[in-house]
Each structure stands twice: as C-alpha cells, then as structure tokens.
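Peer 1: I have a structure here, written as structure tokens, and I will follow up with some questions on it.
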Amino acid sequence: MEDQKLPCVLIDCIGEKHGVYEDHAEVLKEHFCLITMKEYNENKTILGKKIRAIYMWYHKPVINEELLQSLPNLKIVASSGVGIDHLDLNLLSRYGVKVSNTPFIVSTDTADLGMALMLASSRRLVEGYQMAVSPDTEYFPANWLGAEVSGATLGIVGMGTIGYKVAERAKAFEMKILYHNRKQRNKEEENAVGAIYCKKIDDLLQQSDFVMLAVNLTPQTHKLIGKRELQLMKPTATLINISRGLVVDQDDLVEALQNKVIKAAALDVTYPEPLPRDHPLLKMENVLITPHIGSATKKTRLLTMENMTESIQAALTNRPIPYEVLL
Amino acid sequence: MSEHELPGLLILDIGGTYGVQENIVPLLKKHFCLITMKEFLENKKEMSKKIQSVFVSECRPTVDQELLESLPNLKVIGNSGVGVDHLNLKMISNYGVKVTNTPHAVADSTADIGMALMLASARRLVEGSQIAISPHTKYFAVDWLGVEVSRATLGIIGMGRIGYKVAQRARAFDMKILYHNRKQRRKEEEQAVGAHYCEKMEDLLQQSDFVMLVVNLTPETHKMIGKKELGLMKPTATLINIGRGALIDQEALVEALQNNVIRAAALDVTYPEPLPRDHPLLKLNNIIITPHIGTATVQAVQMMAEEAIANMLAVLNGQPIPSEVFPK
C-alpha cells in the first residue's frame, strides 16, 4: 500500500468537537499516514513503532509518560497555536522528542481580537446589541453612554509579536501607548508605534485606561495580575486578557469587579475554559467573555496546519525545524 | 452678566429620555439663559421673544413651522451631531434662521464604532460572548471560526471626515482600502492611508470584503444600497452602516441576508430607530444591530456641546460661522 511509504503521524481524531478539520485532514493525508487515537489504541503493538510524529491540534491528543514510552520512534510533537504551557517540555526532552509551535501565524488575529474586545467593552457593544433587539425596547435613551477608545491610554503588558501588533493598531486610534516587558524594545521599534517603556509594571497600571495582557504563561507570569495590581489600576480602567487565564488571579478579579476597584474586564481566556456555569464572572454586567477565539479564523487555522506540516517534515528529514520550541 | 442678559437657548429638557445630558448643563448655562420646552409652553408670551437659539440634541426638540412662527427673534438652530436629515433646511432658511452642526466632535467616536462593528461582526464577538456565558455550554468547539479583518479589503463609501478616520484606523490593520466619494481626495491624502479611488461604486462593491457606509442622508443617497448593490457584493462580504438607516433598502437587505447573498451586516443605524419589535432584521442571526451609539461617549457629548455652542455664539455675535449647513 502506498500509504505505508508516508510517515505515520498520530492525531486525536478527525471532525467531532476537538478533532482535526475534515478539509485539513484531506491535505494532511497527502503528506502523512494519519493514525487516530482510536486506531492506535486498537493496535498499539504494531502502530506504536510506526508513529514518528504527533500532530497536536488544540491540546489533543493529551501526551503523558505512558504514551511516550509506547512510541519509541517519536521524533516531534507539533503543537497548534503559540502557547505551550499545556506541554511538559522537560518530560519530552528526556525522551528526546522535539517540540514545535506556530508562534507568528496567530499574532495578527490575536491582536485584532484584543482590539475588538477593547472597543466592544468600552462602547458597550454587546449590551447595546441586546437593547437594540430586545422585545421590551420602546426607545433608545439619550443618557446611555460608553467611553472613548480614541485618545485614551493603553498599557500593554508583554510586548512580543502580539503586543507589538496591538500597539501598531492602537496608534491609529491616537492612543497613548505604554508597555511593560522583560526587555525594553529598541528606539526605532518604540518610535514606530509611539510606545513608552514602563520598567515598573506599577507605573503602567496607574496611568492606563485600558490594560491589555499579551504575555505567555510561565511560572513568572502566573497570577501576574492579582489584588495588588488591580488596586493600582484606575477605577475607570478596563482589563483585557488575550494571553492565558492563569496570568490573572481570577478570585481577585471577581472581587475587584464587584467592588468597582476597576470598571470592567474583557477576557478571551479564562481558567478553566469554559468556566463552570455557576462562576461569578458569567453573571457580571461589566464583564465580556469570548470562548478563546484569538486565532479562530479560517485562514489562520489553515496556515497553522501548514506550519505544523512543515515542522513535522523538517524533523523527520533531520533538517532545522522552523518553529522549534527550545527549553 | 446676569443670567437674564444672556441670549435665550431653547432645549427640550434636562436629563430624562431625550433631554440634554446633565453634565453639559453648566457649560450651556455659562453662555445662555436655558429655557426648556415646558417653561416655554407655560409662558409663551414672555419666553418667545427671549429665545435666540435652539439646541437640538437627539433630533429634539422638533423644529416645525409652528415653533418657527412663535420665535420671532430666533437666529440659529445649533444641532448636536453632524447629521441634519431630521431638519427641514429650506423651511428654516425661509424664516431667516441659520443651522449649524458639529462635524469635528463626532468624527473619532463614529469612526471607532465603525471599526468596532467590523471587528465584532467578522470575529462573531456577540455570538461568542453568548456561548461563553450560556448555561448550556459544556465545551468550546474548535471548529467555530470567524473571518479575518487584517489584510482584508475595506470599501469605504463616503470619504468625508469620518470616512477618512476609518481609513486611518483600517490601515493599521494592513487592510487594502478602496473608497467611493463624490470627489476624489488629493494624492497626499490618498497615499497617507493607502486608499484607492473607485469612481464607480460597482467596482468597490465587487472587490470589498467589508463595505462601510459613511455618507450623510440626502435625496441622492437615499436607498443607495438596494438589491442590485447587494447582488454585486461578494457572498463572503459584510455590510456595515454608520451613516443613516435610510441609506439602505431594508427589505432588500433582509432578503440578501436570508439568502446568503452577503455574509452578514452590522448596523448602528436603522429606519426607524428603534425598529418595530416584529421586524425581520431582528430575527436574523447574521446581523449585529446597535442602538445608534456612534457618538454615545461621555467625551463626544461634551465635545458636541462645545462645538454647537461655538457655532451658535458665532451666529449671535456676527462672526464667521465654523460649521453652517445650507439647504441644497
């Protein structure tokens, strides 16, 4: 069978709620012999030796030590998206397995969503929509107001690829841009977007009308925003999170919102996702939550699949891996 | 100057559903003797001579012939906002009364709402927020997708002050920008935002992923987007309206959305506002409607009052008028 000449790649499943998209699977099958977890579990002894790569689509299949022990020829785990906080990099390294992500392809859409959340929250878009379509609406009141985004101060926490793209967009709205980052960017980069470096995050928090989190999740950024940081923010400020739920202490956030320590929050990410249905954040009027859709566009998902294919092919032919994640 | 020596300014009311915002009242009182409709109607004889100006906000008070007849010393109608399609300019002019609007104060906030609607529609933000909080949600589906804004093509119909600010914002998203306008803009202005002029609106409609209406409502622009225009748009395109509801043939829009002739629409304006509660537009799932909030920010309300006051005072003091509106 010609199939046998193509390298074998393990995936979770095709279609269904978490699986590889059917149209993507058609393309992948041109390069790889795809083996689903179901097929693998039914024939571990034979298939285990054949699998040389794992195509991890939105955190599935879940990788543990037991799986790694049964895949002696596994060379690479290709993970979709930029975040790799769901992977045990040390474990994979011990088994000599390389890891790749898709760092750049998701940046633009994620920056766009950050801007969408900031505008929607500030202008009360969802509330306004509900008023416009509600069966009880008889008139639109004149004293129903939001707050201006143009000309306001945006503080970006994490000025990587995504943070910088947010700054580029915010500049066109004539926003004053502050940023906090492990390292200061060079002068040309700062001047191009008019961004001012805040070495201390406190300075950024105290001056911003909008605080946008665009860091990755690491032990250092875990619960970066807690009670202390929220209290430093203006009572008229909005917190926007497009990074990871765990960058924010959620209990502290609930308390801050309930006590009007800050004005509002707009979150594309929470911990967990979805939140339990009785979580206080779901009931708050001044909270906008979206279901982790930072990179959820057709084009970007297609390019993500192509990036992952490239990385797998490079690993299996011993070439440098374009988007390798190094420890 | 005592309050009563200040020129009289007629307003509908202070606060309430349609009245002027409370926080601009001190600013108005600094330059005018404020007279509400209620006070005027209770004491027409005395009040009618005092009123030299009318401040129209949210289209109120209604300026009809009866009102104009009863205000012998009226010199100016200062409109808060840029659209004046609710005013009968010819009739008002016949009484020797000038009309002014506030084109500068509205520009940023209206351009922002245009961008907000485009992003919210493309990324399915309203739907997404409903899924995120719905009691029935057990997981977030991985194949739930929107469309890209960055690098897509935006066609701006009406490249005035607001349309140009939309172009400035869209450029930062690497969008390809086409525009249609009565007059082509100067080369430097086009180059500054990377905008390409489409003399024929049809060309813009056929090439755009997002079509944004940013024109004012006149007899020429009434129902400018109808069945033909919607048919020219891409089936993957989104129509955004931050102009006036009557720019669009709403029945044609309903049909186009129901039959997927276009992908979606996002409207800050409709005709009427609000729509009747049984209107078909309210039942569609590929539409976002907002309650005419283009200038609904604390800052814009303040700036509109300031701009209206400056215009009205210029008229009363016989100085050059910054933003006078003339009948055609």
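Peer 1: Using a 1.4 Å probe, what is the accessible area per residue for the protein assembly as shown, in Å²?
Peer 2: Here the per-residue accessible area is 45 Å².
Peer 1: How would you rank B:136-147, B:159-170, A:74-85, highest first, on the average number of other Cβ atoms within 10 Å across their residues?
Peer 2: Sorting B:136-147, B:159-170, A:74-85 by mean packing, highest first, produces B:159-170, A:74-85, B:136-147.
Peer 1: Antiparallel as a % of all DSSP beta bridges within chain B, to the nearest 5?
Peer 2: Percentage antiparallel, nearest 5: 5.
Peer 1: Round to the nearest 10 and report in Å² the accessible area of residue A:66, as given by a 1.4 Å probe over the protein chains' heavy atoms.
Peer 2: Answer for residue A:66: close to 120 Å² accessible.
Peer 1: Rounded if a/c is under 1.5, else prolate if a/b is larger than b/c, else oblate: which is the range B:21-103, with a ≥ b ≥ c the root eigenvalues of its Cα gyration tensor?
Peer 2: Oblate is the answer for the range B:21-103, as a/c is 1.5 or above yet b/c matches or exceeds a/b.
Peer 1: Based on the alpha-carbon gyration tensor of the range B:64-196 and its eigenvalue square roots a ≥ b ≥ c, which shape applies: rounded if a/c is under 1.5, prolate if not and a/b is larger than b/c, or oblate?
Peer 2: The shape class here is oblate.
Peer 1: Can you give the Kirkwood hydrodynamic radius for chain A, in Å, rounded to one decimal and based on Cα pairs?
Peer 2: Every distinct Cα pair counted, the radius reaches 21.6 Å.
Peer 1: Stick to Cα atoms and the Kirkwood definition of Rh, then tell me Rg/Rh for the range B:1-142.
Peer 2: 1.19
Peer 1: Return a whole-number percent for the relative contact order of chain B, with Cα pairs under 8 Å and 6 or more residues apart as the contact set.
Peer 2: 17 percent
Peer 1: How much accessible surface area, in Å² rounded to 10, belongs to the heavy atoms of residue B:104 with a 1.4 Å probe?
Peer 2: Counting only protein heavy atoms, the figure is 100 Å².
Peer 1: Can I ask one more? What is the average number of partner chain Cβ atoms found within 10 Å of a Cβ in B:108-115?
Peer 2: The shielding value for this peptide is 5.
Peer 1: Go ahead and estimate [θ] at 222 nm for chain B from helices alone: -39,500 (n - 2.57) per DSSP H run with n ≥ 4, summed, over the residue count, rounded to 500.
Peer 2: Value at 222 nm, helices only: -10500 deg cm²/dmol.
Peer 1: Over all residues in A:146-155, what is the mean tally of Cβ atoms on other chains that come within 10 Å of each residue's Cβ?
Peer 2: Per residue, the average neighbour count from other chains is 5.
Peer 1: Quick check: at a probe of 1.4 Å, how many percent of the accessible area of the range A:1-70 sits on carbon and sulfur atoms?
Peer 2: 49 percent
Peer 1: How far is helix B:298-316 tilted off the main Cα axis of chain B, in degrees rounded to 10, range 0 to 90?
Peer 2: 40 degrees
Peer 1: I'd like the trypsin sites (Lys or Arg not before Pro) in the range A:1-66 restricted to DSSP loop residues with at most 14 other Cβ atoms within 10 Å, sorted by number.
Peer 2: A:17, A:29
Peer 1: Counting only C-alpha contacts under 8 Å and six or more residues apart, can you give the relative contact order of the range A:1-77 as a whole percent?
Peer 2: 36 percent
Peer 1: On a full-extension model of 0.36 nm per residue, what is the gain between residue B:326 and residue B:259, subtracting their alpha-carbon distance, rounded to one decimal in nm?
Peer 2: The residue B:326-residue B:259 span can extend by a further 20.0 nm.
Peer 1: By average Cβ neighbour count within 10 Å, what is the ranking of B:297-304, A:282-289, A:204-211 from highest down?
Peer 2: A:204-211, B:297-304, A:282-289
Peer 1: Between the alpha-carbon centers of the range B:261-328 and the range A:248-304, tell me the distance in whole angstrom.
Peer 2: 31 Å
Peer 1: Give, in nm to one decimal, the length gained when the segment between residue A:306 and residue A:278 is fully stretched (0.36 nm per residue of separation minus the Cα-Cα distance).
Peer 2: Full extension from residue A:306 to residue A:278 adds 6.2 nm.
Peer 1: Students often get this wrong, so check it: of B:44/B:90; B:200/B:234; B:176/B:200; B:75/B:328, which have C-alpha atoms separated by over 22 Å?
Peer 2: Those over the limit are B:44/B:90.
Peer 1: From the mean inverse distance of alpha carbon pairs (Kirkwood) and the Cα radius of gyration, derive Rg over Rh for the protein assembly as shown.
Peer 2: Here the Rg-to-Rh quotient is 1.04.
Peer 1: What shape does chain B have by the C-alpha gyration tensor, where a ≥ b ≥ c are the square roots of the eigenvalues, rounded means a/c under 1.5, and otherwise prolate means a/b greater than b/c and oblate the rest?
Peer 2: Judged from the Cα gyration tensor, chain B comes out prolate (a/c at least 1.5, a/b above b/c).
Peer 1: Still on this structure: Over every pair of different alpha-carbon atoms in the range B:161-207, take the mean of 1/r and invert it; report that Kirkwood radius in Å.
Peer 2: Here the Kirkwood hydrodynamic radius works out to 10.9 Å.
Peer 1: For chain B, set up a GNM with springs between Cα atoms under 10 Å and report which of B:230, B:282, B:34 has the largest fluctuation.
Peer 2: B:282
Peer 1: Roughly how far apart, in whole Å, are the Cα centres of the range B:48-90 and the range A:26-54?
Peer 2: Cα centroid to Cα centroid, the span is 76 Å.
Peer 1: Still on this structure, please answer the following. Starting from the Cα gyration tensor of the range B:182-328, multiply each eigenvalue by 5, take the square root, and state the resulting semi-axes largest first in whole Å.
Peer 2: Each semi-axis is √(5λ); the values are 32, 22, 14 Å.
Peer 1: Step by step: find N for the range A:196-305, compute 2.2 N^0.38 Å, then divide the Cα radius of gyration by it. What's the final number?
Peer 2: Against the empirical 2.2 N^0.38 Å value, I get 1.10 for the range A:196-305.
Peer 1: Let me ask another. Quick check: net charge around residue A:245, other residues with Cβ under 14 Å of its Cβ, Lys/Arg +1 and Asp/Glu -1?
Peer 2: -4
Peer 1: Determine the percent antiparallel among the DSSP beta bridges restricted to chain A, to the nearest 5.
Peer 2: 5 percent
Peer 1: If you don't mind, another one. Please determine, in degrees from 0 to 90 and to the nearest 10, the orientation of helix A:298-316 with respect to the longest principal axis defined by the Cα atoms of chain A, where the helix direction is its Cα long axis.
Peer 2: It works out to around 40 degrees.
Peer 1: If R0 is 51 Å, what FRET efficiency do you get for residue A:85 and residue B:192 from their C-beta distance, rounded to 0.05?
Peer 2: Efficiency, rounded to the nearest 0.05: 0.75.
Peer 1: May I pose another question? What do you get for chymotrypsin sites (Phe, Trp or Tyr not before Pro) in the range A:16-94 restricted to DSSP loop and a cutoff of at most 12 other Cβ within 10 Å of the site's Cβ?
Peer 2: Loop-located and lightly packed - none at all.
Peer 1: Need the C-alpha centroid separation for the range A:194-239 versus the range B:122-177, integer Å.
Peer 2: Their Cα centres are 25 Å away from one another.
Peer 1: Also, quick follow-up: Write out the trypsin sites (Lys or Arg not before Pro) in the range B:174-213 meeting two conditions: DSSP loop, and at most 13 other Cβ atoms within 10 Å of their Cβ.
Peer 2: Those satisfying the criteria are B:182, B:183, B:186, B:200.
Peer 1: Now for a separate question. If I ignore ligands, DNA and RNA and count only protein heavy atoms, how much of residue B:67 is accessible to a 1.4 Å probe, in Å² to the nearest 10?
Peer 2: 10 Å²
Peer 1: Could you list the square roots of 5 times each eigenvalue of the Cα gyration tensor of the range A:115-252, that is, the equivalent ellipsoid semi-axes, sorted largest first and rounded to whole Å?
Peer 2: So the three semi-axes of the range A:115-252 are 29, 18, 13 Å.
Peer 1: How shielded is B:169-175 by partner chains, expressed as the average number of their Cβ atoms within 10 Å of its Cβ atoms?
Peer 2: Whole-number average of other-chain Cβ neighbours for B:169-175 is 5.
Peer 1: For chain A, set up a Gaussian network in which alpha carbons nearer than 10 Å are linked by springs, and say which option among A:277, A:169, A:301 fluctuates the most.
Peer 2: Largest GNM mean-square fluctuation: A:277.
Peer 1: Pop the C-beta distance of residue B:38 and residue B:88 into the FRET formula with R0 = 22 Å and round what comes out to the nearest 0.05.
Peer 2: 0.40
Peer 1: Report, for the protein assembly as shown, the % of DSSP beta bridges that are antiparallel, rounded to 5.
Peer 2: 5 percent
Peer 1: Tell me the relative contact order for chain A as a rounded percent, counting alpha carbon contacts under 8 Å between residues six or more apart.
Peer 2: 16 percent.
Peer 1: For chain A, set up a Gaussian network in which alpha carbons nearer than 10 Å are linked by springs, and say which option among A:163, A:114, A:146 fluctuates the most.
Peer 2: A:146
The values are calculated or read from the model by the stated rules, or taken from the named source; none is laboratory data. These numbers were taken from a predicted model, which means no experiment stands behind them. Here Cβ is always computed from backbone atoms with ideal geometry, including for glycine, and neighbour counts include all displayed protein chains. The accessibility values were calculated without ligands, DNA or RNA, using every heavy atom of the protein model including side chains. Shrake-Rupley method; radii C 1.70, N 1.55, O 1.52, S 1.80 Å.
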